[in-house]
């Protein structure tokens, strides 16, 4: 019997605090924070991840990674040496494993001016001890982590600006020691993993097409270029956004610029079982990256105050209508 997946927890940073939201409760509308974490004064949080039980947060700054308890106690910290005074162009990222036992940290050391290439480091989530370190031949500005929902492997998509994008995958190897695989592409960006974990979605770095791949081989299942959606590839492109609305349906974002030089974007549905288009998906958002599909038929947008709002295509139960008073 396959165990139920842990709850999906996302974070937002506001007023020096880290807010954690549980988004698989079934409730729609504006989400209320399930936990709030207070980093020490002076820590500028770049990226954060909260353990599924909401008792620990791990976050990166430009010069380190920190783990705090919900009560604000320091569990561990690891500095990125040597200290960098470079303020822009490098964003360290982090993710927590599916079982909550390890923390995966991407260090864009080259852009930070630390010498050498970037690093991908695996820490023990309880002690902070380094379990594995992968020296990378990348010069990345930042990276996105994607934790596989079934086998717990971790995808890392490193953005190197004009030089493209590098995709790696980390797995728990023999004896639990992490092992790393680099995919043979320099021109694809991971957008999302399917809820079942059987495939993943990428967009061409030059934004000419979207592709769907078998996990873990990376073999291409099918590719859809811009023109497949009915747009002129000279005037339109695929955005690096979207994802899996459900296991069978993905959201692909097309964008461009009108003759009046106004930027536009539209969401399109794709049946990933057949590779066929399913029409437009209309959502009121301010930018193409605001929509975040959750894989269960629901998605997130930002509310007027920037807080997450959960929506669903499924009809929500309505309260019973009270009977009319007798006349």
Quick one: residue 69 ticks every box in (1) under 20 Å from the mean Cα position of the chain (by Cα); (2) assigned by TED's automatic domain parsing to the domain that holds residue 138; (3) more than 25 Å from residue 143 (Cβ to Cβ) except a single one, so which number is it?
(1)
Quick check on residue 162: is it in contact with a strand residue (DSSP E or B) (Cβ under 8 Å, 6 or more places away or on another chain) and either in a helix (DSSP H, G or I) or under 30 Å from residue 109 (Cβ atoms) (or both)?
no
Only one residue in 142, 115 is assigned by TED's automatic domain parsing to the domain that holds residue 75, closer than 20 Å to residue 79 by Cα and within 18 Å of the chain's Cα centre (by Cα), so which one is that?
142
Residue check, residue 255 surrounded by fewer than 16 Cβ atoms within 10 Å (Cβ to Cβ), more than 25 Å from residue 148 (Cβ to Cβ) and at pLDDT 95 or above
no
Looking only at residues in region 299-315 that are at pLDDT below 95 and under 21 Å from residue 247 (Cβ atoms), which one is surrounded by the fewest Cβ atoms within 10 Å (Cβ to Cβ)?
315
Being crowded, with 20+ Cβ neighbours inside 10 Å, over 30 Å from residue 279 (Cβ atoms) and in contact with a strand residue (DSSP E or B) (Cβ under 8 Å, 6 or more places away or on another chain), is that true of even one residue in region 178-198?
yes
Residues of region 258-275 satisfying the condition of being at pLDDT 95 or above, touching a strand residue (DSSP E or B) at 6+ places or on another chain (Cβ under 8 Å) and in a loop (DSSP other than H, G, I, E, B)
272, 275
Does residue 26 meet the test of being farther than 26 Å from residue 301 by Cα and in a loop (DSSP other than H, G, I, E, B)?
no
Scanning region 233-252 residue by residue, those crowded, with 22+ Cβ neighbours inside 10 Å and touching a helix residue (DSSP H, G or I) at 6+ places or on another chain (Cβ under 9 Å) turn out to be 238, 252
Any idea which of (1) touching a strand residue (DSSP E or B) at 6+ places or on another chain (Cβ under 9 Å); (2) under 23 Å from residue 240 (Cα atoms) is the one residue 125 doesn't satisfy?
(2)
Does residue 278 count as without any contact (Cβ under 8 Å) to a residue 40 or more places away in the chain, outside any loop (DSSP other than H, G, I, E, B) and either within 24 Å of residue 146 (Cβ to Cβ) or in the same structural domain as residue 201 (by TED's automatic domain parsing) (or both)?
yes
Criterion (in a loop (DSSP other than H, G, I, E, B) and under 17 Å from the mean Cα position of the chain (by Cα)) met by exactly one of 149, 184:
149
Looking at residue 49, is it crowded, with 22+ Cβ neighbours inside 10 Å, over 23 Å from residue 181 (Cα atoms) and assigned by TED's automatic domain parsing to the domain that holds residue 163?
yes
Quick one: count up the residues across region 42-86 that are over 19 Å from residue 10 (Cα atoms) and not in a loop (DSSP other than H, G, I, E, B).
7
Would you be able to say whether some residue in region 106-117 is assigned to a strand (DSSP E or B), within 23 Å of residue 166 (Cβ to Cβ) and free of Cβ contacts under 8 Å to residues at least 40 places away in the same chain?
yes
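The values are calculated or read from the model by the stated rules, or taken from the named source; none is laboratory data. Everything numeric in this text was worked out from a predicted model, so none of it was measured. Note: ideal-geometry Cβ built from the backbone for every residue, glycine included; neighbour counts use all protein chains shown.
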